[in-house]
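The values are calculated or read from the model by the stated rules, or taken from the named source; none is laboratory data. Note that this is a predicted model, so its numbers are computed, not measured. Methodologically, a virtual Cβ is constructed for each residue, glycine included, from the backbone with ideal geometry; neighbour enumeration extends over all protein chains shown.
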Amino acid sequence: MENPTLELLLNRRTIRAFKPQTLTTEQLNTLMEVARQAATSTFLQQCSVIHVTDAQIRSQIRDITTQSYVGANGDLFIFVIDLYRNQQIRHQKGETDGRLHAMDVFLQAMEDTVLTAQNVTTAAESMGLGCVFLGSIQNDAQKMIELLNLPKMTFPLLGLQVGVPDQQPQIKPRLPLKFRTFENQYDYHYELADLADYDEQIHQYYDLRDTNRRVDTFTHQIAQKLTTSLAKRDQILTVLHQQGLCLE
């Protein structure tokens, strides 16, 4: 089965080098309209998007992420979990916060935010633009909150750099479907040996990649990652509580 949308999604790749130009007004407005139309849990619309154009703020976000391309060329967006707006609506209607501090409401807002970011990414790539998600803004969530002047009941979840690509990276191989899709019930039987072919794919990908010529495998990365504690990331739950989120 083929169509332009499937071709786009099946061939997507992360772009980390952008040409020195920003989005046109038409492109920017279109992407924000796409964000507005993203799916939303129970119509609560608990996501907001901040377009970061201030050079000093972009520089400080770059420092947080420790990634040189962040806030350099292209446009930088931060996708924010936003329960503040609905809190203010409730207060001005004479209501209490209700269940706004509950974990499940936070998860609904997180879902809204992720879906919005993915919508924008797909739309941008359909315009011939490139994108890179920036989970690295979580390296110092409290600093991000201060930089963006975020009120209580909000949380910066994802960054997204969008621009005109200045590179053509290879497509990074993903795990075979048999390891990620199941029917009816989860298949929890895993043997390291079953991943040997995929490890070889990843080894070849890194060996042949135009930049960052490292030799590695998927299983080696998993064995090495998720081990070292990242002090600021370990404080995320505390930051969420300080923001009034996930209290129940």
(request) Return the only residue of 27, 45 being farther than 19 Å from residue 132 by Cα and touching a residue at least 12 places away in the same chain (Cβ under 8 Å). (result) 45
(request) Output the residues belonging to the stretch 166-211 that are closer than 30 Å to residue 129 by Cα, surrounded by 11 or more Cβ atoms within 10 Å (Cβ to Cβ) and free of Cβ contacts under 8 Å to residues at least 12 places away in the same chain. (result) 174, 204, 206, 207
(message) Can you confirm whether residue 124 is in contact with a strand residue (DSSP E or B) (Cβ under 8 Å, 6 or more places away or on another chain), modelled with pLDDT of 95 or more and closer than 20 Å to residue 54 by Cα?
(response) no
(message) What's the total number of residues in the stretch 92-145 that are surrounded by fewer than 19 Cβ atoms within 10 Å (Cβ to Cβ), in contact with an Asp or Glu (Cβ under 8 Å, 6 or more places away or on another chain) and not in a helix (DSSP H, G or I)?
(response) 3
(request) Please verify whether the stretch 85-99 includes one or more residues that are under 17 Å from residue 163 (Cα atoms) and among the polar types (S, T, N, Q). (result) no
(request) For the stretch 146-161, indicate whether the set of residues that are touching a residue at least 12 places away in the same chain (Cβ under 8 Å), buried (at least 17 other Cβ atoms within 10 Å of the Cβ) and over 23 Å from the mean Cα position of the chain (by Cα) is non-empty. (result) no
(message) Can you list residue pairs whose Cβ atoms sit under 7 Å apart, with the first residue in the stretch 218-239 being farther than 14 Å from residue 143 by Cβ and the second being of a type outside the set (Asp, Glu) and not in a loop (DSSP other than H, G, I, E, B)? Count only pairs 6 or more apart in sequence or on different chains.
(response) 218/195; 218/198; 218/202; 219/192; 219/195
